[in-house]
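So the structure is just underneath, and the comments pick up after that.
The values are calculated or read from the model by the stated rules, or taken from the named source; none is laboratory data. Note that the coordinates shown come from a computational prediction; the quantities given were computed from them, not determined experimentally. FYI the Cβ positions are ideal-geometry reconstructions off the backbone, even for glycines, and counts take in every protein chain you see. Accessible surface areas use protein heavy atoms only, side chains included; no ligands, DNA or RNA. Shrake-Rupley method; radii C 1.70, N 1.55, O 1.52, S 1.80 Å.
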Amino acid sequence: PNQWEAAGPALRAALGADGPRVRRSAAYALGAFGGRAAGAVEDLRAALRDKDASVRQNAAWALGRIDQVD
């Protein structure tokens, strides 16, 4: 499988983890996949309401990266 198929579902699930560092890192990693992570847009939009500012920041960054053409 390609990297997205291998990591994507776990990263999406990690957006719901207990630790804010895990959620923040998952959002960043999803953004690093760019347009390939388009299926995670709704999860990232939900993360924009996270109680932790760093999670919200990385979710916003990731949404911007997903909108870009690879």
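Among the residues of the range 19-41, just one is of a type in the set (D, E, K, R) and at pLDDT below 95, namely Arg36. Checking each residue in the range 20-36 for being open to solvent by less than 60 Å² (accessible area, probe 1.4 Å), in a helix (DSSP H, G or I) and among the hydrophobic types (A, V, I, L, M, F, W, C) picks out Ala26, Ala27, Ala29, Leu30, Ala32.
Within the range 45-56, the set of residues being part of a helix (DSSP H, G or I) and surrounded by 16 or more Cβ atoms within 10 Å (Cβ to Cβ) comprises Ala47, Val55, Arg56. Taking Ala17, is it of a type in the set (A, V, I, L, M, F, W, C) and not in a helix (DSSP H, G or I)? Criteria met by Ala17.
Listed by first and then second residue, the pairs with beta-carbon distance under 6 Å, at least 6 apart or on different chains, first residue in the range 1-21 and within 14 Å of Ala46 (Cα to Cα) and free of Cβ contacts under 8 Å to residues at least 24 places away in the same chain, second open to solvent by 70 Å² or more (accessible area, probe 1.4 Å) and not acidic (Asp, Glu), are Ala14/Val22. Taking the range 20-69 as the range and being closer than 17 Å to Glu5 by Cα and over 11 Å from the mean Cα position of the chain (by Cα) as the test, the residues that pass are Gly35, Arg36. Quick check on the range 37-44. Is at least one of its residues open to solvent by 60 Å² or more (accessible area, probe 1.4 Å), in contact (Cβ under 8 Å) with a residue 12 or more places away in the chain and assigned to a helix (DSSP H, G or I)? Checking the range 37-44: not a single residue is open to solvent by 60 Å² or more (accessible area, probe 1.4 Å), in contact (Cβ under 8 Å) with a residue 12 or more places away in the chain and assigned to a helix (DSSP H, G or I).
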